[in-house]
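Input: a single structure, listed below in structure tokens.
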Amino acid sequence: MDADEILDIKGQTCPVPLVETRKKLNKMESGKILQVIGNHGPSKKEVSDVMKDLGHEILEISEEGENWSIFLRKK
Amino acid sequence: MAKKMTIIVLSDEMDKAYPALILAAGAAAAGIEVTMFYTFWGLNLLKKGGLAKAKLSKMNMLGLGRAMVKKRMAKLNVASLEKLLSDAKELGVKIIACEMTMGVFGVTKESLIPEVDELAGVGAYLADAKEANINLVI
């Protein structure tokens, strides 16, 4: 999947993944695709749950080793 | 209607300043409108350089404990209080300094950081709190 923007937050812990994802989405246009890459375990679920709750579309969640990736489309 | 949350910050200790700002930034990221009301010793955190001076409530050991905790936090890449405040502000968190406490302790507006949105009292706090689903005192 191709993303319009990539946010690499590997090495960041609570609450930075959530906060940086929201900050990034605020600067993007509606309909654009963001890929968030991180390795803070609980944030994989937290980022996807919160962004889904805010109305953004979760397109794909995957894991490779300790890293996870979330593709989402801005509302 | 957007969900709302308020946090009253009573303490200038690092171990209270952190959860207050983490909750505020996290909630704002989750689309919740947040109001933070800093009063009594909490007001010290809004003074210029105040976040950097925050001590631990336990095991501070004349600053040695704090230095150890800060070192561990740096190793784990925990965000600084300054970054959390900046992020909270970017995501729309409102910061109120208690005007009455400022009078009691002789704190001037000029000595406070520019991130403070309002100098106000119980009326301003309650206007937000009565609309909020989550009201915390830290």
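Any read-out appearing in this document is the output of simple, stated calculations on the displayed coordinates, not a laboratory observation. All figures in this text were calculated on a predicted structure; none of them were measured in a lab. We place every Cβ from the backbone using ideal geometry, glycine too, and count neighbours over all the protein chains shown.
Structure data summary
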| quantity | calculated |
| --- | --- |
| Trypsin sites (Lys or Arg not before Pro) within the range A:18-57, DSSP loop, no more than 14 other Cβ atoms inside 10 Å | A:27, A:32 |
| Sum of -39500 (n - 2.57) over DSSP H runs of 4+, divided by residues of chain B (222 nm, nearest 500) | -12000 deg cm²/dmol |
| Long pairs among A:23/B:47; A:27/B:89; A:24/B:94; A:52/B:3, criterion Cα-Cα beyond 22 Å | A:23/B:47 |
| Percentage relative contact order, the range A:5-73, counting C-alpha pairs under 8 Å, at least six apart | 35 |
| Alpha carbon centroid spacing (whole Å) that separates the range B:72-134 from the range B:1-57 | 6 |
| Which of A:68, B:41 has the fewest Cβ neighbours within 10 Å, and the rest in rising order | B:41, A:68 |
| Cross-link partners of residue B:109 among aspartates and glutamates (Cα-Cα below 14 Å; sequence separation of 8 or more within a chain) | B:99, B:117, B:118 |
| Measure of compaction for the protein assembly as shown (Cα Rg per 2.2 N^0.38 Å) | 1.10 |
| Cα centre as origin, Lys/Arg/Asp/Glu Cβ charges: chain A dipole, Debye | 360 |
| Local net charge near residue A:39, Cβ-Cβ under 12 Å (Lys/Arg +1, Asp/Glu -1) | -2 |
| DSSP-defined beta bridges in chain B - what % are antiparallel, rounded to 5 | 5 |
| Dipole in debye (nearest 20) - chain B, about Cα centre, beta carbon charges: Lys, Arg +1; Asp, Glu -1 | 700 |
| Most mobile listed residue (B:77, B:60, B:44) in chain B, GNM with C-alpha springs under 10 Å | B:77 |
| Estimated vicinal HN-Hα couplings, Hz - the range A:35-52 in sequence order (Karplus 6.51, -1.76, 1.60; Gly, Pro = x) | 9, 10, 10, x, 9, 7, x, x, 5, 4, 6, 5, 4, 5, 4, 5, 5, 5 |
